[in-house]
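See below for the structure under consideration.
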Amino acid sequence: MDNQDVCLRLDISPRTLQTLRDTGRLAFTQIQRKIYYRPEDVEKLMAYVAMKRKEKAVREKRKNE
């Protein structure tokens, strides 16, 4: 999968994807200037992304109370 595929699959921005790479949360392979991801690694990351979204929603809810 390339960057666009992953961003669409996880519903994240390219900058968030870069952060996931930089922090080591998502393994990747770079061939010349193109970055690729294994589909099974992206699927594993879906749970992490969902958890972070839930945490953010809880923080926002508390902030607005």
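If you wrap the chain's Cα atoms in a convex hull and average its projection over all directions, what's the area in nm²? Reported value for the Cα convex hull: 4.6 nm². Please list, or write none, the lysines whose alpha carbon is within less than 20 Å of the alpha carbon of Lys61, excluding same-chain residues fewer than 8 places away. Qualifying lysines at Cα under 20 Å: Lys52.
Comparing Pro39, Phe28, Pro14 along the charge dipole axis of the chain, the residue lying farthest to the positive side is Pro14, per the Cβ-charge model.
Across the chain, the mean sequence separation of Cα contacts (distance under 8 Å, 6 or more residues apart), normalised by length, yields a relative contact order of 30 percent. Stretched out straight at 0.36 nm per residue, the stretch from Asp2 to Lys52 would grow longer than its current Cα-Cα span by 15.8 nm. Only the Cβ atoms of Lys and Arg (+1) and of Asp and Glu (-1) were treated as charged; on that basis the dipole of the stretch 3-63 about its Cα centre amounts to roughly 400 debye.
Quick note: the coordinates plus some simple rules give every number you see, no bench work behind them. Just so it is clear, the structure is predicted and the values come from calculations on it, not from any experiment. We place every Cβ from the backbone using ideal geometry, glycine too, and count neighbours over all the protein chains shown.
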